[in-house]
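The values are calculated or read from the model by the stated rules, or taken from the named source; none is laboratory data. In this text the structure is predicted, and so the values were computed from the model without any measurement. Using ideal geometry, Cβ is built from the backbone for each residue, glycine included, and neighbour counts are taken over all protein chains shown. With ligands, DNA and RNA removed, areas are computed over all heavy atoms of the protein, side chains included. Shrake-Rupley method; radii C 1.70, N 1.55, O 1.52, S 1.80 Å.
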Amino acid sequence: MVEIGLEELYSDIILDYAKNERYKKEIQDAKKAEGKNLSCGDEITLYLKVKDNIVKEITFTGHGCIISQASASMMCEYLEGKTVDEANKILQEIINMSQGKEFDKELVDGIEIFSDISKFPMRTKCFTLAWHTLDDALNGKNM
Amino acid sequence: MLSSKEYEEIFPALKRKINGHKLIYLDNAATTLRPKEVMDAVNEYSLNHHANVHRSTHTLAAEATKYYEDARSKVANFINSETEEVIFTKGATESLNLVAYSIANSNILRSDDEILISTIEHHANFVPWQQIAKIFNLKIKYYPAKSGIFDLSDFLKHITNKTRLVSITALSNVTGQLIPVNTLIKQIRNIRQDVILVVDGAQAVPHLPIDVKKMDCDFIAFSGHKMLGPTGIGVLYGKKRYLNEMTPFLFGGEMIDKVSTDGTTFNVLPYKFEAGTPNVDGAVGLAKAIEILERIGMDNIQEHEKQLTSYALKKLKELDFLEIFGPQDETQQSIISFNMKGVHPHDVAHLLNDLTGIAIRSGHHCAQPLMKEFGTSATCRISFYVYNEEEDVDKLCEGLNKVWEWLK
Ligand SMILES: Cc1ncc(COP(=O)(O)O)c(C=O)c1O
């Protein structure tokens with residue numbers, strides 16, 4: 001369908017993040033949230049530790065395609081150390097980006113490598129899986 | 001078989017370019033491409049003859065009824081059944097739900113009777129049985145297919161003197177393994193006469209000759225859209241002996257005999273199971289699709305796909321970065337599942353599409369119990385139909401090499 005963006009979508013940065021195992025682990029005493037893409041069979045579990053309103057530790061386990069894995073790893077790296085409010089703001093901008101709407105580039109620094117994701121409707125849900133799960137973990141919402 | 005140029009005339013989608021590449025459609029197990037002739041037949045009916053069936057006495061109504069009932073005869077002839085044993089549904093899923101629910105609701109099964117199904121089934125032939133067992137408090141047993149491969153003699157060991165219903169796919173929608181249903185039915189009947197045998201023919205009916213009398217199944221379910229027809233039309237064949245005994249699945253118009261505040265009696269077969277205004281357009285399209293398949297010849301289709309599948313298996317086995325599932329021998333037909341080592345199937349399918357114009361399927365294929373047997377959550381699946389040829393397989397292998405270079 002859309003050729004533009006395929007090189008970016010499977011760029012070295014994204015491939016590296018997908019392979020990066022740093023955030024792929026369980027953590028004890030953390031808040032857990034599970035996300036699934038039912039039609040794909042992809043699943044992730046997110047582990048979130050918040051202290052003094054700051055994201056102290058965030059990791060995930062599960063399986064999925066390169067897009068979903070890279071998105072989850074990038075999300076964990078990016079949110080570590082952010083306040084809950086900041087995390088929620090980022091989440092909103094990411095959702096806007098995934099829907100092809102205007103979004104604040106400064107707030108999603110680095111993750112805008114996925115800015116073309118809305119042009120791949122079949123892959124958007126791979127990208128947003130981790131973020132919807134985050135919404136559940138932060139706000140008890142399962143979108 | 002016809003040449004690829006001839007097929008391009010029959011199936012306009014084959015002329016499409018995807019990202020500048022000629023479309024190679026290898027997702028036929030999901031749904032097949034549409035022949036122009038089928039859509040022309042549907043249009044002709046819709047524009048000139050459409051009316052509600054079986055109800056009114058005007059000309060259009062009579063024509064519509066004739067189109068619809070001719071389609072039913074066409075289907076009956078295609079599978080060698082009686083006309084009133086053909087029930088139109090919206091697809092294999094509805095057909096299987098209809099049998100499961102109606103049988104469970106008809107006191108045909110006693111509470112200690114067992115239903116036997118296998119772990120290679122499509123969810124449409126798994127979940128309905130599991131759910132009716134729960135609702136009606138029946139017993140259900142699962143034959144665990146080791147490594148996802150169905151083994152007849154192993155399966156037969158699961159038939160006990162309690163087994164009263166067996167529902168089995170005739171062709172796995174994931175591995176393409178052809179289940180020897182004719183032999184299976186004969187052998188089960190040798191063990192126990194009164195076992196009800198249900199066949200999920202969604203993948204078999206489009207690809208090989210089916211004769212329900214020879215097969216001696218009690219029910220077979222299939223879908224129009226997997227055999228060149230429109231979506232929203234499917235068939236349930238059932239033996240009269242059971243259909244007569246079964247309570248209707250849906251209630252409403254056309255399926256009744258007498259209705260009063262005292263109660264309701266039901267219409268004769270097959271109308272008893274066709275409540276409401278049916279999908280006449282779909283039936284007309286399915287009849288035309290069957291005409292096309294008969295013109296090509298079901299034996300020819302099976303032979304063509306057997307050759308193509310064995311060619312593809314040979315070629316795919318040469319790619320050492322692939323893991324192939326299923327028996328990988330001559331018992332496989334039309335469908336092959338595989339994974340690229342360390343790469344998720346969605347990535348493979350997406351890149352194949354965008355880089356080469358090849359359409360394949362990725363995911364769990366509505367067969368999660370089977371995925372579990374394979375120890376994976378998803379696979380890549382290719383599936384052939386009449387218009388595919390060896391060149392498509394060669395292009396697929398080139399494409400897979402390209403994707404592997406990108407992602408390894
Ligand atoms: C083996 C099998 N059974 C049942 C079905 C359900 O068919 P439908 O979705 O047309 O009702 C399918 C379709 O994928 C199938 O492959």
Item to complete: Just name one of A:C76, B:N19, B:G201: the one whose Cα is farthest towards the positive end of the charge dipole of the protein assembly as shown (beta-carbon charges, Lys/Arg +1, Asp/Glu -1).
Response: B:G201
Practice prompt. Extending each Cα 7 Å along its Cβ direction at B:E391 and B:R241, get the distance between those two points in nm, one decimal.
Written response: 5.2 nm
Worksheet, complete the sentence: So the FRET efficiency between A:D29 and A:M122, C-beta based with R0 = 41 Å and rounded to 0.05, is 0.65
Worksheet entry | Gaussian network model of chain B, Cα within-10 Å springs - most flexible of B:K239, B:K74, B:K15 | B:K15
Fill in: Fully extended contour minus Cα-Cα distance, from B:W406 to B:E9, at 0.36 nm per residue
139.4 nm
Item to complete: Give me the distance in nm between label points sitting 7 Å out from Cα along the Cα-to-Cβ direction at A:K101 and B:M39, one decimal.
Response: 3.5 nm
Worksheet item: Accessible surface of B:S377 in the full protein assembly, 1.4 angstrom probe, to the nearest 10 Å²?
Response: 30 Å²
Discussion item. Give me the inter-chain shielding for B:361-369: mean count of other chain Cβ atoms within 10 Å, whole number please.
Written reply: 2
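Over chain A, average the accessible area per residue using a 1.4 Å probe and give it in Å², no decimals.
49 Å²
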Worksheet, complete the sentence: Counting sequence-distant residues (5 or more places) and residues on other chains, those with an amide H built under 5 Å from that of B:I256 are B:N267
Fill in: Rounded FRET efficiency, nearest 0.05, which uses the C-beta distance separating A:E7 from B:A62 and R0 of 56 Å
0.40
Worksheet, complete the sentence: Too long for a 29 Å Cα-Cα cut-off, among B:K139/B:K240; A:K25/A:K101; B:K315/B:K408; B:K134/B:K240; B:K214/B:K306, are A:K25/A:K101
Item to complete: Any chance you could look up the accessible area of B:M298 with a 1.4 Å probe, heavy atoms only, rounded to 10 Å²?
Response: 20 Å²
Response to the item:
Note on the range B:90-199: alpha-carbon gyration tensor, axes a ≥ b ≥ c; rule is a/c under 1.5 for rounded, else prolate if a/b larger than b/c, else oblate; result oblate
Discussion item. Before we go on, tell me the buried accessible area for the A/B pair, both chains summed, 1.4 Å probe, in Å² to the nearest 100.
Written reply: 1500 Å²
Item to complete: Can you pull the one-decimal nm distance between simple spin-label points at A:D16 and B:E323, each 7 Å off the Cα toward Cβ?
Response: 2.8 nm
Response to the item:
Partner shielding of B:334-346, as the mean number of partner chain Cβ atoms within 10 Å, equals 2
Worksheet, complete the sentence: Given a 1.4 Å probe, the accessible area of the range B:39-295 per residue, as a whole number of Å², is 40 Å²
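At 222 nm, what value in deg cm²/dmol follows for chain B if DSSP H runs of at least 4 each add -39500 (n - 2.57) and the sum is divided by all its residues, to the nearest 500?
-12500 deg cm²/dmol
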Worksheet item: Can you list residues whose amide H is under 5 Å from A:K82's amide H, if they're 5+ apart or on another chain and H is modeled 1.01 Å from N?
Response: A:V55
Fill in: Charge dipole magnitude, Cβ of K and R +1, D and E -1 - the protein assembly as shown, Cα centre, debye nearest 20
1360 debye
Discussion item. For the range B:115-165 and the range B:227-272, what is the centre-to-centre distance using only Cα atoms, to the nearest Å?
Written reply: 26 Å
Discussion item. Please list, by residue number, everything in the range B:54-74 whose backbone N is under 17 Å from a paramagnetic label point 7 Å out along Cα→Cβ of B:V268.
Written reply: B:54-55, B:66, B:69-70, B:72-73
Worksheet item: Once amide H atoms are built 1.01 Å from N in the peptide plane, which residues 5 or more positions from B:I233, or in another chain, come under 5 Å H to H?
Response: B:G224, B:H225
Practice prompt. May I ask you to derive the FRET efficiency for B:K213 and B:S153 from their Cβ-Cβ distance with R0 = 22 Å, giving the value to the nearest 0.05?
Written response: 0.30
Worksheet item: How many angstrom separate the Cα center of the range B:14-64 from the Cα center of the range B:352-384?
Response: 28 Å
Practice prompt. May I ask for the angle, rounded to the nearest 10°, between helix B:36-48 and the longest principal axis of chain B, with both axes built from Cα atoms and the value confined to 0 to 90°?
Written response: 30 degrees
Practice prompt. Pick out which of B:T309, B:T183, B:T93 has the largest mean-square fluctuation in a Gaussian network model of chain B, springs linking Cα atoms closer than 10 Å.
Written response: B:T183
Worksheet entry | Heavy atoms of B:C217: accessible area, 1.4 Å probe, square angstrom to 10 | 0 Å²
Item to complete: Rank B:I256, B:I135, B:I220 by mean-square fluctuation in a GNM of chain B with C-alpha springs under 10 angstrom and give only the top-ranked residue.
Response: B:I135
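Please compare each pair in A:K56/A:K125; B:K226/B:K317; B:K162/B:K288; A:K49/B:K146; B:K36/B:K395; B:K288/B:K341 to a cut-off of 32 Å on the Cα-Cα distance and tell me which ones are over it. Write out the running numbers ahead of the final one.
Working: A:K56/A:K125 27 Å; B:K226/B:K317 27 Å; B:K162/B:K288 43 Å; A:K49/B:K146 41 Å; B:K36/B:K395 26 Å; B:K288/B:K341 42 Å.
As for pairs spanning more than 32 Å Cα to Cα, those are B:K162/B:K288; A:K49/B:K146; B:K288/B:K341.
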Discussion item. Run the numbers for B:E254 and B:N182: contour at 0.36 nm per residue of separation, minus the present Cα-Cα distance, in nm.
Written reply: 22.4 nm
Worksheet item: How about the range A:13-42: which of its residues lose at least 10 Å² of accessible area in the presence of all protein chains relative to their chain isolated, using a 1.4 Å probe?
Response: A:L15, A:K19, A:L38, A:S39, A:C40, A:G41, A:D42
Worksheet item: Considering only protein heavy atoms and a 1.4 Å probe, what is the carbon-and-sulfur percentage of the accessible area of chain B?
Response: 50 percent
Worksheet item: Hey, got the average number of other protein chain Cβ atoms within 10 angstrom for residues in B:347-354?
Response: 5
Worksheet item: Over chain B, what is the relative contact order in whole percent, taking alpha-carbon pairs under 8 Å and six or more residues apart?
Response: 23 percent
